[in-house]
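Here's the structure, in structure tokens; my notes come after.
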Ligand code: HEM
């Protein structure tokens with residue numbers, strides 16, 4: 001049937017496997033290379049799955065403005081399906097009424113602005129603990145810090161505390177390891193997702209066992225926490241698990257959000273979506289500030305002016321920290337945690353830039369390429385926060401379609417406010433409490449700021465810096 005369709009261009013395919021071999025061991029990197037070689041719309045046949053890579057803002061504009069609903073499904077990946085209790089979470093569930101109910105739970109309740117604001121004291125407390133921890137990690141006034149490790153641990157603790165309240169503290173290190181294995185598993189491409197006949201490959205490789213083991217571990221942990229929560233009412237401030245348990249009994253959500261398994265699947269999404277992404281952005285911002293002394297000093301000056309003689313930055317100060325917001329926007333442009341967003345799938349056939357896109361096509365939006373396109377951005381490789389003064393970009397792409405670190409449309413990230421609140425406060429305090437330098441005896445030029453390019457990007461090496469208490 002495909003012969004009669006006007007499909008976008010793409011590389012030659014082999015029988016049966018199509019273009020699967022061209023993904024190699026680093027599939028997301030290969031997707032980027034293929035789009036550089038074949039243009040803004042690339043059509044691939046990955047085994048039995050048709051796939052599209054989108055790398056131009058005009059194609060992204062057509063998708064967002066005219067075909068958002070048609071591009072609102074998520075593809076089926078076996079590992080994610082198993083880990084998300086059979087795909088009943090918000091991130092992987094198919095577009096439809098059930099997903100709409102979960103989205104309502106997230107937007108109106110769990111991740112609403114009101115809920116984010118209600119965690120203000122907790123955020124300030126966690127950030128103060130972080131600053132004390134860095135200060136206390138050495139008796140002298142300057143300390144070498146593995147900032148990557150510290151921030152990932154901080155991100156996990158923060159989400160755990162929001163989810164489970166103070167009860168969680170004794171168990172935090174065990175859960176860190178479990179959830180980082182879950183994230184690793186979700187990111188992997190399994191060959192049998194594209195060639196179902198090769199399921200045995202994942203069994204022989206031990207992938208299935210790894211999956212079962214990890215699922216059992218976090219599911220058991222969630223059960224423990226739920227058991228403790230059902231027996232104790234929320235204190236004056238509900239944590240997210242208390243809210244979820246309350247909503248599960250609320251008739252307005254009863255159509256589909258009914259069982260404890262629904263609750264657990266949403267908990268998992270918040271852990272996967274909510275912990276590392278914000279921490280990675282803080283680490284990338286610190287790395288960029290080390291390389292860009294002008295920006296670092298301008299930002300520290302702004303913080304000093306706003307905070308004055310107070311010992312720390314409070315949330316009420318953040319609204320006056322305009323340059324900080326530009327700096328974070330610029331980091332999200334250069335280092336979006338999801339360079340290809342989260343893959344989508346078409347629900348029905350549609351036409352983009354005069355090409356036919358079949359139904360059930362897996363779609364990769366090359367958001368990083370859009371944000372680096374020299375046609376939209378002057379000196380795109382330069383870290384230059386002031387560019388957003390000239391070319392303001394909203395986090396929701398409604399007018400411009402070259403900047404979308406949080407995705408777009410119906411399935412765009414519901415955690416934006418949650419993420420911005422913690423990133424702003426943490427960064428402002430790290431810069432207010434310390435001056436930062438390269439590790440002893442090193443120059444910034446000697447430091448490696450390379451990245452691992454995957455479904456979620458991170459720095460290739462841990463960022464280690466010397467923190468000098470101010
Ligand atoms: C810097 C921080 C973050 C970034 C850059 C980010 C980015 C993204 C992106 C690109 C998507 C896919 C959107 C699309 O398909 O168009 C997404 C989805 C999602 N994010 Fe985030 N995210 C961040 C933080 C968070 C936080 C803090 C939470 C929750 C606490 C969260 C929860 C989710 C969920 C549940 C989805 C799936 C939505 C759906 O499929 O309906 N994210 N995020």
Review point. Which residues, taken from segment 82-101, are within 11 Å of the ligand (Cβ to nearest atom), in a helix (DSSP H, G or I) and crowded, with 17+ Cβ neighbours inside 10 Å?
Key: 99
**Study point:** Residue list for segment 321-345, restricted to those being away from the ligand (no atom under 13 Å from the Cβ) and farther than 18 Å from residue 419 by Cα
**Key:** none
Study note, to complete from the structure: Scanning segment 1-15 residue by residue, those loosely packed, with under 14 Cβ neighbours inside 10 Å and either outside any loop (DSSP other than H, G, I, E, B) or in contact with a helix residue (DSSP H, G or I) (Cβ under 9 Å, 6 or more places away or on another chain) (or both) turn out to be 2, 3, 4, 9, 14
Revision key, fill the gap. The residue from 391, 462 that alone is closer than 21 Å to residue 58 by Cα and either exposed (fewer than 15 other Cβ atoms within 10 Å of the Cβ) or touching a strand residue (DSSP E or B) at 6+ places or on another chain (Cβ under 6 Å) (or both) is 391
**Study point:** Unmet criterion (only one of (1) in contact (Cβ under 8 Å) with a residue 24 or more places away in the chain; (2) in contact with a helix residue (DSSP H, G or I) (Cβ under 7 Å, 6 or more places away or on another chain); (3) farther than 26 Å from residue 156 by Cα) for residue 320
**Key:** (1)
Check your understanding: Counting only residues that are closer than 18 Å to residue 325 by Cα and within 24 Å of the chain's Cα centre (by Cα), how many does segment 408-465 have?
Key -> 17
Review point. Give me the pairs: first residue in segment 194-208 and without any contact (Cβ under 8 Å) to a residue 24 or more places away in the chain, second residue surrounded by 13 or more Cβ atoms within 10 Å (Cβ to Cβ), beta-carbon distance under 6 Å, and six or more apart or on different chains, which are they?
Key: 198/191; 198/192; 199/192; 201/191; 208/202
Review point. Quick one: which strands (runs of 3 or more DSSP E) sit completely within segment 351-470 and have at least 3 residues that are within 16 Å of the ligand (Cβ to nearest atom) and in contact (Cβ under 8 Å) with a residue 40 or more places away in the chain?
Key: 362-365
Practice item. Determine if segment 60-70 includes at least one residue that is touching a residue at least 24 places away in the same chain (Cβ under 8 Å) and within 19 Å of the chain's Cα centre (by Cα). Key: no
**Study point:** Residues located in segment 35-76, provided they are in a loop (DSSP other than H, G, I, E, B) and surrounded by 23 or more Cβ atoms within 10 Å (Cβ to Cβ)
**Key:** 55
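Listed here are the residues, each with its yes/no results for (1) within 16 Å of the ligand (Cβ to nearest atom); (2) surrounded by 17 or more Cβ atoms within 10 Å (Cβ to Cβ); (3) over 23 Å from residue 155 (Cβ atoms).
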{"position": "237", "(1), (2), (3)": "no, no, no"}
{"position": "248", "(1), (2), (3)": "no, yes, yes"}
{"position": "264", "(1), (2), (3)": "yes, yes, no"}
{"position": "269", "(1), (2), (3)": "yes, yes, no"}
{"position": "274", "(1), (2), (3)": "yes, yes, no"}
{"position": "277", "(1), (2), (3)": "yes, yes, no"}
{"position": "280", "(1), (2), (3)": "yes, yes, no"}
{"position": "292", "(1), (2), (3)": "no, yes, yes"}
{"position": "299", "(1), (2), (3)": "no, yes, no"}
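Since every read-out is calculated from the coordinates, none of them should be taken as a lab result. As the structure is a computational prediction, the values presented were derived from the model and not from experiment. Every residue, glycine as well, gets a Cβ built from its backbone with ideal geometry; the counts of neighbours run over all protein chains shown.
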